[in-house]
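Right, one structure below, let's go through it.
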Ligand SMILES: [Zn+2]
């Protein structure tokens, strides 16, 4: 398994050298041309590097408390540092440490302070944990969690690099949450320590590596009707060739099944972007959720669309309505 992954990565490296000219399929061709019309510049080679590193066998499925997740954390921290993110609040480094069920765990948080509205915060997040390694069986035993949610963390890192370059009026807090798979544990812990009124929006990324049922150059948003966040994004995407749709899987209750929920429960208009056909995805929570099953162009174009779509919120021109949850 590991050997195959390395060979495949080497192969990808070779074709990546000429990736601007070569396209592997018709859908890739259509996707590549889409959001390029906008000003957003996201480097697909960096996207590939983040994804393949975080989803590699070396990370051993990124289960909280393991050496594998420690390696993933160090990669994310090094990227936060390279990009030039600040630490959050009173923290001395990027780790927000806590103990849950006797396991030492931590969220990873980096900050870009806003130029004119630094007390108004937008959070951009994804979870870096996954399910670990199968205790017994034959063949591949590692839950690599490439789509779930190395793809989302890849988005967080790429957006941090992008906004560092272009600037931001509101403060952006970039968070890689831990222990999402254990029940949104990391995001709940983060939520307990915040003044929710200061958080104007939450952008969560989950499983953004496959073409959705709506076709190429589309994504869907959970809890679309719960605030006007989605409508703001749709407005900003007009003319880009990329479209955002409401979550089509409402009976899956996805709004409450990802880290956006921990902030939404506090009133923050916090939603999850996804591109995956969750009702029929054969790799969801399987050891087959490998980087090779994902489309780098889908991830890259979705990251561009998120940057372009949330631009007016990041820059303080639009403020989404608050979420009200009656449970
Ligand atoms: Zn997930």
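Scoring 133-142, 106-115 by mean Cβ neighbours within 10 Å over their residues and listing the highest first yields 106-115, 133-142. Ellipticity at 222 nm from helices only: DSSP H runs of n ≥ 4 in the chain, each -39500 (n - 2.57), divided by the residue count, give -10000 deg cm²/dmol.
Each listed q (0.15, 0.21 Å⁻¹) maps to a log10 I(q)/I(0) for region 73-201, found by the Debye formula over equal Cα scatterers with no solvent: -0.71, -1.29.
Extension gain, residue 288 to residue 250, is 11.1 nm, computed as 0.36 nm per intervening residue step minus the present C-alpha separation. With an a/c value of 1.5 or above and a/b not larger than b/c for the gyration tensor axes a ≥ b ≥ c computed over the alpha-carbon atoms, region 188-284 is described as oblate.
Length gained on full extension, residue 321 to residue 43: 96.9 nm, using 0.36 nm per residue less the C-alpha separation. Per the Debye formula on identical point scatterers at the alpha carbon atoms of region 125-255, with no solvent, log10 I(q)/I(0) at q = 0.09, 0.14, 0.18 Å⁻¹ is -0.32, -0.78, -1.27. Of all DSSP bridge pairs formed entirely within region 61-185, close to 60 percent run antiparallel.
Averaging 1/r over each pair of different alpha-carbon atoms in region 158-219 and inverting the result gives 14.4 Å, the Kirkwood hydrodynamic radius. Placing dummy labels 7 Å off each Cα toward the beta-carbon, the span from residue 141 to residue 97 is 3.0 nm.
Sorted from longest to shortest, the spans of the Cα atoms of region 36-314 along the three principal axes equal 51, 44, 36 Å. The slack in the chain from residue 228 to residue 257, taken as 0.36 nm per residue of separation less the alpha-carbon distance, amounts to 8.4 nm.
Residue ranges 68-77, 83-92 sort as 68-77, 83-92 when ordered by packing (mean number of other C-beta atoms within 10 Å per residue, highest first).
Here r is the Cβ-Cβ distance between residue 78 and residue 104 and R0 is 25 Å; the resulting FRET efficiency, rounded to 0.05, is 0.80. Legend: ranking of residues 127, 50 from fewest to most surrounding C-beta atoms inside 10 Å; resulting order 50, 127. How would region 226-327 be classified by its alpha-carbon gyration tensor: rounded, prolate or oblate, with rounded meaning a/c under 1.5 and the a/b versus b/c comparison settling the rest? Verdict is oblate for region 226-327.
Every number in this text was worked out from the coordinates using simple rules, so none of it is lab data. Predicted model only: the values in this text are computed from it and were never measured. Every residue, glycine among them, receives a Cβ derived from its backbone with ideal geometry; neighbour counts consider all protein chains shown.
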